[in-house]
Structure formats: C-alpha cells, structure tokens
Amino acid sequence: MSHELSEQEVIRRNSLNEIIKLGINPYPPELFEVNVSAANIHKNFEREKGDYQNISIAGRIMTRRIMGNASFAELQDSTGKIQLYFKRDDICPGEDKTMYNTVFKKYLDIGDIIGIKGFVFITQTGEITIHVTEYKLLCKTLRPLPVVKEKEGEVFDAFSNPEQRYRQRYLDLIVNHQVKDTFIKRTQLTNSMRSYLNQKGYLEVETPILQPLYGGAMARPFKTHHNTLDMTLYLRIANELYLKRLIVGGFDGVYEFAKDFRNEGMSRFHNPEFTQMELYVAYKDYNWMMDTVEEMVERVAMDLHGTTKVQVGDNIIDFQRPWKRYSMYEAILHFTGIDISEMDEKTMAEAATNLGIQVDATMGRGKIIDEIFGETCEAKLIQPTFITDYPVEMSPLAKKHRTMPGLVERFEGICNGKEICNAFSELNDPIEQRRRFEEQLELGIRGDEEAMMLDEDFLRAIEFGLPPTAGVGIGIDRLSMIMTNSASIQDVLFFPQMRAENL
RNA sequence: GACUCCGUAGCUCAGCUGGUAGAGCAGCUGACUCUUAAUCAGCGGGUCCAGAGUUCGAAUCUCUGCGGGGUCACCA
C-alpha cells in the first residue's frame, strides 16, 4: 500500500523530524480554543474593530509570501481565507528567533494546520489581515497540496482533473471553494424539504435497506446474503412498499430520505446509489400531490437562492407556482402536432416509426407512448412541468385514471429536460394490485430483468385496507444538480462510485 | 455495454512527420520587515498509466489491458 516518496514528501518528513527535535509536538493532543472565523472577520471587522484585538483562529496555510523578516500567508478555515501577517520580532520578542526563522520559514509548509493568536488590521493595500502575535503547529502535513492561484476571478493551475477531484474529494474541498458551496446547498436543500414536511405534520421514518424482496420501482437490484439467516437479501431500489405499509398502519403522512441502490448503467445522471425522498399522504390524490410538490420545490428554491429563479446551464429556471401541466397526450400533441389519444396500437406504432423511433413487437401501446414522449418531449421541457396520466402498463402501483381508460393517475415533474419526481394516486384495490403484480411476473418470465416481484406481504397489508393515498418520490441528486447548476451527478455526491483505484 | 477523446514532475500543461523530456506554479538554497498569481538570483525533481510489438532507436507508431472524461443505450 505504500508508495515511493516524492522529493517533496521526503523534505516534509525531514521537516517533521526537525520540528520534533526542537521539542515541538507536530500533532498536539490538546484543544485549540478558536474564537472567530475568517468569514466573521471579513464581515464584521470594519464595523466592530474593537472586537478583533484579541483573536484566536485555526486553519490551513494556503499560500506564503516570505519577505525576509516579515511574511504574509493565507489561512483557510471552514468559512474561507484570511491573510496573516507574521513579523519576526513580534513572533519572537526575545533573542531566540527560532519560531520565525527556523520553524515558520523552514519547516512549515503549505497545507500545514496551525492555530494563531493576534489582532486584525488593514494593510496599506487595504486587505483585512491578522497580525500574528503567536502561532502553534496543530498538524504537520506530509503531502504537498495542489496550489491553486487566483487573480481577479481568473483561476490559475486549477485542480481540475475530474478523476483526482472525485477520488480525493478532500483535496477538491480544500482547494476548490465552490465545491464546498455545492455540498452546503445540497444539505440546505434537504433541510428545507424536511422543515416543510415537518411543518405539515408528516413523520420522518426509516425503513429497511436490506429487503428480502425488492420492489416499488422497475430496476435491477444489488443482491447480497445474510450469513446467520442464510438468506438472500436485496439492497432496496425504492422504499415505496414499506411506506405504504405504514399508511396501512395508521400514519397519515410519512416520508423518508432514502438511499436507494440500482444495479444499472452509470452516467452523468446515474450513480449506483442515489437518494430519493419518498412521501405518502393518506386521503389525498395526485392532483393534491402536484400542488404539494410545487409548493415544496418553490420553497426550496427560495431557501437556497432567495428567489424562485435559478440559473441552470444556459437557462434560467423559474420554480414559481403554478407549473405548467400537460397530460402525456397533450405534451405529445404540443411537440409533434400528432394526436395519438385515439390511436390504436398499430396506428401508433406507425406514427412512432415516422418520428424515427424504433418500435418492436414486444412493445405494447403503453411502451410506445412512453417512447414517443421520451424522444420528442422530455428534453424540451426546461421550465418545471408536470406531465400527467401515464399508460397503465408502465405503472403497476398507480391507480386507474378516474375517467380515462388505459391510463393511471400518475405524474412526473420534468425540469431542465430531466425527470425530478414521480408520483401517483396509489393503487389501493388489493385485487387489482394482485393482478398488476401478476402481469409483472409475466414480464419477468419473458426476460424483463426490471419487472417487479410479487410481494405477498404487501398485498396482505393492503387487504387490511390502504386508505386512498397520494405518493411521490423526488430525486434528491437530480434536484441538487439543478439547484446547484451542476452538470454531473458526481458533482453533487461527495464520493461518487468509481472503479477501484490501484494505490 | 458501444463509440470517442484523454493518461508526461506534487498541480496545470507543452513535447511537430520516431533520436530516452520541457514550462509555469509548488519544492530546495540565498536576498528582501505591508506582500497578495509577491519579486529577484541560483538549484533539484520523471518506471512519460502498464505490458507486448514495429524499429538501430518509442513519451511519440501498432495492439492489449488498466483508469478517467464526453456522447449514446438502460434508467432516477
């Protein structure tokens, strides 16, 4: 596991030894009392100068500019950077100049973590700076940090290799400050949703990740094995069926931020593990759920950006309510000029072929509609839009449409050309549900690896009575990408899945 | 999974039609007590992703493998 040390690493290890020889513990055990942050100083110093005469702050050395007996350095703490001013005779008031000449100048490096005491002032060139009176080494580092420089917004020598950024996210976070902002926004996003849901009185719950039967979505699962029970378990692909059991059990509203796992292809929109927030509310339908999703996501945008308008790539997306609502038929009519609502399967297959879509015999009417929609509409839906009323074949857990045969009461929220949520009036007719599961079994037998399994316990549960319920799943990674203007899912996951690295 | 581009110093990158490597930053030595991509002088640093092949000779050409990005396919 060890690697050959580079020249710079050898030098740092040597510095470490020299520091120890001077009687300095490079990894001291005791706490270092911090009384201010870099951001706080930048924000308040000019107004409250008196409060910054005796400060104590800790962080990482990011740059050093040594000019003989005085030096400037930049310290980075969790809130940002602040300039430090070291003056030899202030650091070392007596005869012994070791702490400046030897320790600071020779043996400290970019990346080392130090604690300092001092007072804040403004330099001749107008930069808020800490005049260091005392410093303490808190952690000696052994590897050189990538040094990213910046001037007037232009970045030099950026740490930009995606592989290194994702594999060594800690470095990415240290060196690329916007990365931190992205992840802070992601947490703000879930906080915002959570507080919305809690305010409505819904209960946050936790349901099994290891499941004997996987269900609630169409996907290939990860399979694992429990030794003591000697049984096959699957990592959940969704938590839908468990949350609905809880509605049967008498909760009116339950939600879960769930890590789900799907054993499928990876792309800039797909990671094998991803997060979904699923919400189920009793006595509601999908129309109500559209209102709820709109309200919640609008609020997320406001909480994150202070406005409903969010820049995403070249577009400005406005989450202000109400969002556009199209039925699937209407959307297809709108984008292709073709009305497929009355077409039989054969005519529709021809229409699809004319649109350049490959149709084969195994595809039913529902699948063809889905294909037409995916090809001609989805990518064009930039502003948040609800697409409603899906073919029944694609939605084995959704209730039949109240007026339109062959359809279910389902909607997806589409934004920036991608699905961000999926919801329906939940199917609560146990006999119908059993029939739909059996259809899925048929598909499975015919080789559809994504077909659902028949879950007897779930059927038993809803035979005890699932109240009319509206449910939704919101893709948290997808929504995070939009809310942080990130082009890749890897940019909103701290540690995206990667092949094993050869260290 | 398919196609395509990429892999050279700690980081970011040059390296033409083949002649065993360069720059900036970082590092080291020295100078400099308000600098800020600090500056100035000097110096070191490489299994050119790995392996095989072609060749007198490969970072460069060919093949295979490994790792990554992008596009497409499956999907959220």
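Test residue A:426 against the criterion of being buried (at least 22 other Cβ atoms within 10 Å of the Cβ), modelled with pLDDT of 95 or more, closer than 26 Å to residue A:257 by Cα and acidic (Asp, Glu), and give yes or no.
Details: buried (at least 22 other Cβ atoms within 10 Å of the Cβ): yes; modelled with pLDDT of 95 or more: yes; closer than 26 Å to residue A:257 by Cα: yes; acidic (Asp, Glu): yes.
In short, yes.
Mind counting the residues in the stretch A:208-256 that are hydroxyl-bearing (Ser, Thr, Tyr) and surrounded by fewer than 16 Cβ atoms within 10 Å (Cβ to Cβ)?
Residues in the stretch A:208-256 being hydroxyl-bearing (Ser, Thr, Tyr) and surrounded by fewer than 16 Cβ atoms within 10 Å (Cβ to Cβ): 3 in total.
Can you pull out the residues in the stretch A:53-89 that are more than 24 Å from residue A:176 (Cα to Cα) and away from RNA strand B (no atom under 15 Å from the Cβ)?
Those that are more than 24 Å from residue A:176 (Cα to Cα) and away from RNA strand B (no atom under 15 Å from the Cβ): A:54, A:55, A:56.
Among the residues of the stretch A:437-478, how many are touching a residue at least 60 places away in the same chain (Cβ under 8 Å), of a type in the set (Gly, Ala, Ser) and on the phi < 0 side of the Ramachandran plot?
6
Check whether at least one residue in the stretch A:74-88 is in the same structural domain as residue A:131 (by TED's automatic domain parsing), in a helix (DSSP H, G or I) and without any contact (Cβ under 8 Å) to a residue 60 or more places away in the chain, and report yes or no.
yes
Within the stretch A:16-23, can one find any residue that is of a type outside the set (Phe, Trp, Tyr), closer than 13 Å to residue A:129 by Cα and not in a strand (DSSP E or B)? Step through it out loud before you land on a result.
Let us first name the residues in the stretch A:16-23 that are of a type outside the set (Phe, Trp, Tyr), namely A:16-23.
Filter again for closer than 13 Å to residue A:129 by Cα, leaving none.
For the stretch A:16-23, residues of a type outside the set (Phe, Trp, Tyr), closer than 13 Å to residue A:129 by Cα and not in a strand (DSSP E or B): absent.
Checking the structure you have, find out if any residue of the stretch A:29-51 is over 19 Å from residue A:142 (Cα atoms), in a strand (DSSP E or B), more than 8 Å from RNA strand B (Cβ to nearest atom) and among the small types (Gly, Ala, Ser).
no
Would you check if there is a residue in the stretch A:292-312 being polar (S, T, N, Q) and more than 15 Å from residue A:483 (Cα to Cα)?
Among the residues of the stretch A:292-312, at least one is polar (S, T, N, Q) and more than 15 Å from residue A:483 (Cα to Cα), which makes the answer yes.
Conditions tested, residue by residue: (1) within 20 Å of residue A:486 (Cα to Cα); (2) of a type outside the set (S, T, N, Q); (3) in contact with a helix residue (DSSP H, G or I) (Cβ under 6 Å, 6 or more places away or on another chain).
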{"position": "A:140", "(1), (2), (3)": "no, yes, yes"}
{"position": "A:153", "(1), (2), (3)": "yes, yes, no"}
{"position": "A:156", "(1), (2), (3)": "no, yes, no"}
{"position": "A:162", "(1), (2), (3)": "yes, yes, no"}
{"position": "A:168", "(1), (2), (3)": "yes, no, no"}
{"position": "A:173", "(1), (2), (3)": "yes, yes, yes"}
{"position": "A:192", "(1), (2), (3)": "yes, no, yes"}
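With the condition being within 23 Å of residue A:52 (Cβ to Cβ), assigned by TED's automatic domain parsing to the domain that holds residue A:67 and among the small types (Gly, Ala, Ser), I'd like the strands (runs of 3 or more DSSP E) fully within the stretch A:97-155 carrying at least 1 qualifying residues.
Per the criteria, A:113-122.
I'm trying to understand the selection: among the residues of the stretch A:298-317, which are of a type in the set (A, V, I, L, M, F, W, C) and either farther than 14 Å from residue A:195 by Cβ or touching a strand residue (DSSP E or B) at 6+ places or on another chain (Cβ under 7 Å) (or both)? Break it down into steps so the answer makes sense when it comes.
Let us first name the residues in the stretch A:298-317 that are of a type in the set (A, V, I, L, M, F, W, C), namely A:300-302, A:304, A:310, A:312, A:316-317.
Matches in the stretch A:298-317: A:301, A:310, A:312, A:316, A:317.
Any chance you could count how many residues in the stretch A:120-176 are of a type in the set (Ser, Thr, Tyr), more than 8 Å from RNA strand B (Cβ to nearest atom) and touching a residue at least 60 places away in the same chain (Cβ under 8 Å)?
The first filter runs over the stretch A:120-176 and keeps only residues of a type in the set (Ser, Thr, Tyr), leaving A:123, A:125, A:129, A:133, A:135, A:141, A:160, A:166, A:170.
Retained after the next criterion (residues that are more than 8 Å from RNA strand B (Cβ to nearest atom)): A:133, A:135, A:141, A:170.
Filter once more, so that each one left must be touching a residue at least 60 places away in the same chain (Cβ under 8 Å): A:141.
Number satisfying all stated conditions: 1.
The values are calculated or read from the model by the stated rules, or taken from the named source; none is laboratory data. Predicted model, so just to flag it, every value in this text is computed and none were measured. Ideal geometry is used to build each Cβ from the backbone, glycine not excepted, and the neighbour counts take in all protein chains shown.
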